[in-house]
1. Taking the stated definitions as given, is Glu251 over 14 Å from Ala305 (Cβ atoms) and touching a residue at least 12 places away in the same chain (Cβ under 8 Å)?
2. Which ones in the stretch 201-226 are of a type in the set (A, V, I, L, M) and in contact with a strand residue (DSSP E or B) (Cβ under 8 Å, 6 or more places away or on another chain)?
3. Is there any pair with a first residue in the stretch 22-43 that is assigned by TED's automatic domain parsing to the domain that holds Arg9 and at pLDDT 90 or above and a second that is of a type in the set (Asp, Glu) and in a helix (DSSP H, G or I) whose Cβ atoms are under 6 Å apart and which are 6 or more apart or on different chains, and what are they?
4. With (1) surrounded by fewer than 18 Cβ atoms within 10 Å (Cβ to Cβ); (2) of a type outside the set (D, E, K, R); (3) in contact (Cβ under 8 Å) with a residue 60 or more places away in the chain as the list, and Gly187 as the residue in question, which single condition is left unmet?
5. Just one of (1) part of a helix (DSSP H, G or I); (2) touching a strand residue (DSSP E or B) at 6+ places or on another chain (Cβ under 8 Å); (3) surrounded by fewer than 18 Cβ atoms within 10 Å (Cβ to Cβ) trips up Leu236, so point out which.
6. Using the structure shown, decide if Phe198 is over 21 Å from Thr52 (Cα atoms) and more than 16 Å from the chain's Cα centre (by Cα).
7. Suppose we filter Lys315, Lys242, Lys335, Lys328 for residues that are basic (Lys, Arg), touching a strand residue (DSSP E or B) at 6+ places or on another chain (Cβ under 9 Å) and free of Cβ contacts under 8 Å to residues at least 60 places away in the same chain; which single one remains?
8. What are the residue pairs meeting all of these: first residue in the stretch 57-81, first residue of a type in the set (Gly, Ala, Ser), second residue at pLDDT below 50, Cβ atoms under 7 Å, and 6 or more apart or on different chains?
Amino acid sequence: MKKVIFVDRDGTIIREPQDEQVDSLEKMSFVPGAISALKSLSQLDFELVLATNQDGLGTASFPEEDFWPVQNKMLETLKGEGVVFDDFLIDRHFVQDGSPCRKPGTGMFGKYLSGEYDMASSYVIGDRDTDLQLADNLGAKGYKLGPGADTWEKIVESIRCGERRFEVVRNTRETSIRIMIDLDRVGQSSIDTGLKFFDHMLDQIAHHGGVTLQVECKGDLDVDEHHTIEDVGIALGEALAKALGDKRGIERYGFALPMDESRSLVLMDFGGRIDFCWDVEFTREYVGDVPTEMFKHFFQSLCSASRCNLRIEAKGENNHHLAESIFKAYARALKMAIRREPFNYELPSSKGLL
C-alpha cells in the first residue's frame, strides 16, 4: 500500500508572522531546517502532500492555475532543491472552524482514506496541536514542530529510522513463525523457538548487532529441529532484507571477532548478489539442543533470504565457544554493514543500484 506525509505550510515550511498573514514576498522566509528536511523526506518511499487551512497564497490545482506570488516563490525554491509535492490540499474557501473540511477535520482527505493508502504508516507534520489531532483522526502518526516540541532534523531522522522496522509472518505445514526486526532501536528482544541454545544464539544477533529482534516459532520439533531452524533463517532473512529497504546510506560491508580460544571471521556484503561460503568444523553432533550441522544450514538460509554475500570461517576447540563466536561475529558484521550515516541518502554502489 502507498504511504503519505502530509505537511502543513505556515509555521512548518514558511515562518508565520505575528499577524499570521504571509501576504507579501517581504514577509516570506523559511522555517530553519525545512528545505533540507523536505529534501530528505522526498527521498523516502512516501507521497509528499501539502495540507493547510490557510488560503490566500495559492491554489489547490497546481500547475493548471496561477499562483499567488508567495506560494509560487515557495514552490519554486523547493523545486530548485528537488522537492516537488505530489498533491495539494488547501482550504480555498475559508471554511469555518469546526467544519469537517477544515483541519483537524478530514473532509479534504477523502482520497487518502479510501483504502489505497496505509495511514498507520503515514505521517502528519505541523506546528499546532490541531495537526496532531488531524493525525489521530486520520489514523496516522503526528509530529509537532516548534519550541518545546520537535525540530525538523529530529522529525526526519525519526521517520527515517521508523522505516527500518519490518515484521514477517510465515506459516507452513511444518512451522508457524513471526519475526520483527528493528535496525535502529535497541529495545527489549524476545526469542522463543522451542530450542534453548538456538534462542541463546539468536539473542547474540540482537544484543551484539544493536537491533531489536522478536522471534516466535512453533515448529514440528517432534519430528526434528531442521524445519524450525531453516524456516527461522528464511523468515529472519526476509525481515532483514525488507527492513534495509533501498539501502541508501548504509555501510554495506561488515566483518569479524575472536571469542576465548575460538576465532570467527564473518564477511558480508548487502550488494544484492547471493553467495555463501562456510569453512567451519564442529567435533560434536549437538551443542545444547541444536544439531551442529544445522548452523551452516541456518546461515545459508539467512544469506539467501536477505540477498547477501556471506562468508564464514571459524576455528576453535570448544564447540559451544565456536558456535557462539560465529553468531557474535555475524552480529558485529551486521551492525557494521547496516550502519547508516545521518542524512546520507547515497547508494553505496558505483552502479547506482543494489
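The values are calculated or read from the model by the stated rules, or taken from the named source; none is laboratory data. Here the structure is a predicted model, which means the values were calculated and not measured. Counting neighbours? That spans all protein chains shown, and the Cβs are built from the backbone with ideal geometry, glycine included.
1. Numbers: over 14 Å from Ala305 (Cβ atoms): yes; touching a residue at least 12 places away in the same chain (Cβ under 8 Å): yes.
Criteria met by Glu251.
2. Listed by number, the residues that qualify are Met201, Leu202, Ile205, Ala206, Val211, Leu213, Val215.
3. From residues that are assigned by TED's automatic domain parsing to the domain that holds Arg9 and at pLDDT 90 or above, the pairs are Gly33/Glu153.
4. (3)
5. Evaluating Leu236 over (1) part of a helix (DSSP H, G or I); (2) touching a strand residue (DSSP E or B) at 6+ places or on another chain (Cβ under 8 Å); (3) surrounded by fewer than 18 Cβ atoms within 10 Å (Cβ to Cβ) leaves (3) as the failure.
6. Working: over 21 Å from Thr52 (Cα atoms): yes; more than 16 Å from the chain's Cα centre (by Cα): yes.
So Phe198 fits the description; yes.
7. Details: Lys242 fails: free of Cβ contacts under 8 Å to residues at least 60 places away in the same chain; Lys335 fails: free of Cβ contacts under 8 Å to residues at least 60 places away in the same chain; Lys328 fails: free of Cβ contacts under 8 Å to residues at least 60 places away in the same chain.
The unique qualifying residue is Lys315.
8. Gly58/Phe67
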